[in-house]
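Visitor: Could you have a look at this structure, given as structure tokens, before my questions?
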Amino acid sequence: MRTLSTEEINFEIDMCIGCDRCMRACPVPLSSQVTIADLNRANISDEITPIVARFTDECVMCGSCVPVCPVDNHRDLLMLSLKQRLGISWDGQVDLSKAMGHLPPGWDVSLVLLCLREQAIFRDARLVPDNYLLHFVATSDILTLSSGVELMREGEFGRDIFFILDGQCEVFSQGTDQLSLPLAVLRRGEYIGEQGMLTGQPRSVTVRAAQDRTVVLKVPEQVMQRLMEVSPAVQDFFVQLSSARAIEDMLSRLELFKGISAEDIHALATQASIQRVEREEQLFSEERKGKPVRETFHLLLDGFVRVARKTGRSEHPERIIAYRQRGDYFVGGLDMLGDRRAVTVTAITRVTVAEITRVQLKSLLTRYPAFKERIQERVQLYQEANTAAHSAVFEPFDPEQLQQALVNTSSAAEARSGLHALVSDGVVEGTEVLVIDLDKCIHCNECEEACERRHGQSRMNREGMVVGNMSIVTACRQCQDPVCMLCSRAGIARKPSGEVYITESCIGCGICAERCPYDNISIVSLTEDENEVQPASWQRFSRFFSKGFGKERGRKVLPMAQTPAEPGPLQPFVNDGLENLRKKIAIKCDLCAGYNNQACVQACPTGAAIRVNPVTFFGSTEDILSRKAR
């Protein structure tokens, strides 16, 4: 995406024939009230009506307008130029009516701003102006809590972040004896929940109000992301601070760092640099010998990676020797520890890794001899792991697991093949996976039909990847880190129990479907457009090879869903009239959220269809992986 020059804008508008196909293809509900002539006029003049300004702000830059243009105009770039010309919506007037209605007695907006300025993130008014904070408050919720009321619960999913404006909150974690262990007390000027917002992982602690009349600002993820967009300094602050907290917590739990003082671990965590790696991107390669990366300790904070070594053969140039995940680390291959053998590490999912250099570790190696011995011992274990079919794929690396794997190498090739399929296709990334036991399945297709009866359209395809005697159904797996949830309109959300579902805010722009790496989200038209101009045959043919082709299945009318206040199925959403303007919505499996059973599992006559947690199921069923994949 790039900004068009004035000459380019004039050229694009001169080429436009005013057919309005782009507006008909636009998923934003407001597009039915805006013509292409209105947008063209706004691009080259000061005649910008309020509805055009609102539409420009609501445009999600999905690109639906581009392929339907008969003269190949760059309407997306024109919208980008218009967005930049109108500026940030948070620069405009703020509607504080909602916030005023939830203020505690004796509070006003100026006092809320004063309390927010006590937060380290917001102290510099040059980086976060008052108007930004006012919009921040207006689009968030002010809560006044009684003592004992929970803000978040350990193990549940949530992406809201909480700023303590007044009072105190207690932080707890569940111990091995199932009792709550007090960890900290949060006071005015502190916050909690940023880790869930940034990573999508379940909450690691429980937080409760410790005093009556505790005042908290509950900020939805989309509002926080919007503030990060308009004020990058906020994003830098959050990422650095939350990553340091995660590193410190992880290092303190690792047996490798046992015996090292909390002060030294804190210093190490704050000095570590954070690297974010996208799918299929390398963290480091064995070809990069002599580079500083060989002197670095890598700690995985989130995601899965594969560890490989080059074979020197043209057919199979790489041999995968291990998979690693959150909490694992890399010591083998580091020159500073004496292992001269290099490895190539590639991200399978989005990965966050902490890098600690030799200089940062040197003082610990000198002052803690036991720490140095443990690192050298781990290097030796990593070298031995090359002969194992897998290591630490489903659980953090354990020497006992390694020894067991070394014993059972008779079917290593078959086990490795099934294991690679599970990881590369993202199965182990999920939290709820629908699998079918092919020894019991009678191919009646009742699971798909039951899904369609309940939801109006099937959200699954029973045919999928086969490992052993198990078929991994093509349906949403409720990933640990759902990349589809980066929705600026909050059209996709996650319940505390983990179900990822489509909300009433969805407009069917298709961005979540494009982001899903496993094609488990479809876009469905709500209405039939009889006047829609069909593309030419050559366009339909060429589109067959385009990314995302085939994701729009059917044109059945489906009700939008909202989270019910009471147990039961999700209810049709009724709003202020935009529902009648809505053109498309996304559909995906949400584990039948709101029902007391899952239609696909309930309908299976033989019990072949079951929902499993891949970590537990495949990790404890090695005989499945040892069978030859069909």
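Visitor: Take Asp46 and tell me if it is within 36 Å of the chain's Cα centre (by Cα) and either over 17 Å from Leu86 (Cβ atoms) or loosely packed, with under 15 Cβ neighbours inside 10 Å (or both). So that I can check it myself, show each step before the final result.
Guide: Values: within 36 Å of the chain's Cα centre (by Cα): no; either over 17 Å from Leu86 (Cβ atoms) or loosely packed, with under 15 Cβ neighbours inside 10 Å (or both): yes.
Taking the combined requirement at face value, the residue does not satisfy it.
Visitor: Just a yes or no: is a residue in the stretch 160-178 touching a residue at least 60 places away in the same chain (Cβ under 8 Å), within 30 Å of Thr431 (Cβ to Cβ) and open to solvent by 50 Å² or more (accessible area, probe 1.4 Å)?
Guide: no
Visitor: Shifting gears a bit: Does Asn73 fit the bill of being in contact with a Cys (Cβ under 7 Å, 6 or more places away or on another chain), in a helix (DSSP H, G or I) and either modelled with pLDDT under 90 or not acidic (Asp, Glu) (or both)?
Guide: no
Visitor: Tell me, yes or no, whether the stretch 93-102 has at least one residue that is open to solvent by 40 Å² or more (accessible area, probe 1.4 Å), within 30 Å of the chain's Cα centre (by Cα) and touching a residue at least 24 places away in the same chain (Cβ under 8 Å).
Guide: Yes.
Visitor: OK, next. Within the stretch 281-293, restricting attention to residues that are open to solvent by 10 Å² or more (accessible area, probe 1.4 Å) and more than 24 Å from the chain's Cα centre (by Cα), which residue is modelled with the lowest pLDDT? Give the derivation first.
Guide: First pass over the stretch 281-293, keeping only residues open to solvent by 10 Å² or more (accessible area, probe 1.4 Å): 281-282, 286-293.
Checking which are more than 24 Å from the chain's Cα centre (by Cα) leaves us with 286-293.
Values: Glu286: 76, Glu287: 71, Arg288: 61, Lys289: 54, Gly290: 50, Lys291: 58, Pro292: 54, Val293: 61.
Taking the candidates together, the pick is Gly290.
Visitor: Another question about this same structure. From Gly491, Gly468, which residue is open to solvent by less than 30 Å² (accessible area, probe 1.4 Å), within 26 Å of Val60 (Cα to Cα) and of a type in the set (Gly, Ala, Ser)? Spell out how you get there, then give the answer.
Guide: Working: Gly468 fails: within 26 Å of Val60 (Cα to Cα).
From the options Gly491, Gly468, the qualifying one is Gly491.
Visitor: Another question about this same structure. Kindly indicate whether any position in the stretch 307-319 is part of a strand (DSSP E or B), among the aliphatic types (A, V, I, L, M) and at pLDDT 70 or above. Talk me through it step by step, then tell me what you get.
Guide: Here is the first cut: in the stretch 307-319, the residues part of a strand (DSSP E or B) are 307-310, 318-319.
Cutting the leftovers down to among the aliphatic types (A, V, I, L, M) gives us 307-308.
After this cut, where a residue has to be at pLDDT 70 or above as well, the list is 307-308.
Yes, some residue in the stretch 307-319 is part of a strand (DSSP E or B), among the aliphatic types (A, V, I, L, M) and at pLDDT 70 or above.
Visitor: When the stretch 1-18 is examined, which residues are found to be hydroxyl-bearing (Ser, Thr, Tyr) and in a helix (DSSP H, G or I)?
Guide: Of everything in the stretch 1-18, just one residue is hydroxyl-bearing (Ser, Thr, Tyr) and in a helix (DSSP H, G or I), namely Thr6.
Visitor: So if I check each of Cys484, Cys441, which one is modelled with pLDDT of 85 or more and within 24 Å of the chain's Cα centre (by Cα)?
Guide: After ruling out the rest, the residue left standing is Cys484.
Visitor: Strands (runs of 3 or more DSSP E) wholly in the stretch 122-236 with at least 1 residues that are modelled with pLDDT of 90 or more and more than 30 Å from Arg253 (Cα to Cα) - which ones? Walk me through it before giving the result.
Guide: Numbers: elements: 141-145, 150-152, 161-166, 168-174, 180-187, 206-209, 214-219.
So the answer is 141-145, 161-166, 214-219.
Visitor: Given (1) touching a residue at least 60 places away in the same chain (Cβ under 8 Å); (2) surrounded by fewer than 16 Cβ atoms within 10 Å (Cβ to Cβ), identify the lone condition not met by Glu463.
Guide: Result: Glu463 passes all but (1).
Visitor: Have a look at Val239, Val219, Val207, Val215 and point out the one that is crowded, with 20+ Cβ neighbours inside 10 Å and farther than 14 Å from Asp160 by Cβ.
Guide: Of Val239, Val219, Val207, Val215, the one residue that is crowded, with 20+ Cβ neighbours inside 10 Å and farther than 14 Å from Asp160 by Cβ is Val215.
Visitor: From the list Asp38, Asp108, which one is of a type in the set (D, E, K, R) and exposed (fewer than 15 other Cβ atoms within 10 Å of the Cβ)?
Guide: Among Asp38, Asp108, only Asp108 is of a type in the set (D, E, K, R) and exposed (fewer than 15 other Cβ atoms within 10 Å of the Cβ).
Visitor: Ok, one more. Go through the residues of the stretch 69-77 one by one and say whether even a single one is closer than 20 Å to Ser505 by Cβ, of a type outside the set (Ser, Thr, Tyr) and open to solvent by less than 70 Å² (accessible area, probe 1.4 Å). Outline the logic, then answer.
Guide: Taking the stretch 69-77 and keeping what is closer than 20 Å to Ser505 by Cβ, we get none.
No, because not a single residue in the stretch 69-77 is closer than 20 Å to Ser505 by Cβ, of a type outside the set (Ser, Thr, Tyr) and open to solvent by less than 70 Å² (accessible area, probe 1.4 Å).
The values are calculated or read from the model by the stated rules, or taken from the named source; none is laboratory data. The shown structure was predicted, so the numbers you read here are calculated from the model rather than taken from an experiment. A quick note on method: Cβ atoms are made from the backbone with ideal geometry, for glycine too, and the neighbour counts reach across all protein chains shown. Only protein heavy atoms, including side chains, enter the accessible area calculation; ligands, DNA and RNA are left aside. Shrake-Rupley method; radii C 1.70, N 1.55, O 1.52, S 1.80 Å.
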